[in-house]
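The values are calculated or read from the model by the stated rules, or taken from the named source; none is laboratory data. In this text the structure is predicted, and so the values were computed from the model without any measurement. Neighbour counts are summed over all protein chains in view; Cβ atoms, including those assigned to glycine, are modelled from backbone coordinates with ideal geometry. Quick note on the areas: whole protein, heavy atoms, side chains included, nothing else; ligands and nucleic acids left out. Shrake-Rupley method; radii C 1.70, N 1.55, O 1.52, S 1.80 Å.
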Amino acid sequence: HVQLVESGGGLVQAGGSLRLSCAASGRTFSSYAMGWFRQAPGKEREFVAAVAWSSGYTYVSDSVKGRFTISRDNAKNTVYLQMNSLKPEDTAVYYCTADARFRMVVAGDGDYWGQGTQVTVSS
């Protein structure tokens, strides 16, 4: 079993930056693909980014490409989401997810999910 705990959310002005962290505990972190999703009020959950467990391959949604970067530190059992040039439409609860299969993470069908961290971007 894997436990995921997100942190780093908060209130930021448009154009600002935040870095989210997702700390994993439990099974071997380095064997899992990791990803981030977000959900804004009244909207469906949306894929943001994912990183493979071995190659470090990353996949980022078009809506945040060029502004958000996903990375991982297997030694610290942590995955990060660096968010730059934030916009009010980035406001959402951001969730971390993990699965042994990369495609499941991207599809939003990962086995493990964190409880989320709120990101609010003011205009």
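Here are some notes:
- Residues satisfying the stated conditions in region 1-20, i.e. among the hydrophobic types (A, V, I, L, M, F, W, C) and within 22 Å of residue 110 (Cβ to Cβ): 2, 4, 5, 20
- Qualifying positions in region 67-88 - of a type in the set (Val, Ile, Thr) and open to solvent by 40 Å² or more (accessible area, probe 1.4 Å): 69
Listed here are the residues, each with its yes/no results for (1) within 15 Å of the chain's Cα centre (by Cα); (2) under 16 Å from residue 115 (Cα atoms).
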residue	(1), (2)
25	no, yes
37	yes, yes
57	yes, no
73	yes, no
82	yes, no
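- Meets criteria (basic (Lys, Arg), open to solvent by less than 30 Å² (accessible area, probe 1.4 Å) and in a strand (DSSP E or B)) for residue 38: yes
- Filtered residues of region 40-94 (kept if touching a strand residue (DSSP E or B) at 6+ places or on another chain (Cβ under 7 Å), closer than 24 Å to residue 26 by Cα and of a type in the set (D, E, K, R)): 72
- Here residue 91 fulfils each of the conditions (1) among the hydroxyl-bearing types (Ser, Thr, Tyr); (2) under 20 Å from residue 16 (Cβ atoms); (3) crowded, with 17+ Cβ neighbours inside 10 Å; (4) touching a Gly at 6+ places or on another chain (Cβ under 8 Å) apart from (4).
- Number of positions in region 67-92 that are in a strand (DSSP E or B), without any contact (Cβ under 8 Å) to a residue 60 or more places away in the chain and touching a Lys or Arg at 6+ places or on another chain (Cβ under 9 Å): 3
- The residues on offer are 12, 48, 5, 64, and the sole one that is surrounded by 14 or more Cβ atoms within 10 Å (Cβ to Cβ) and either small (Gly, Ala, Ser) or part of a loop (DSSP other than H, G, I, E, B) (or both) is 64.
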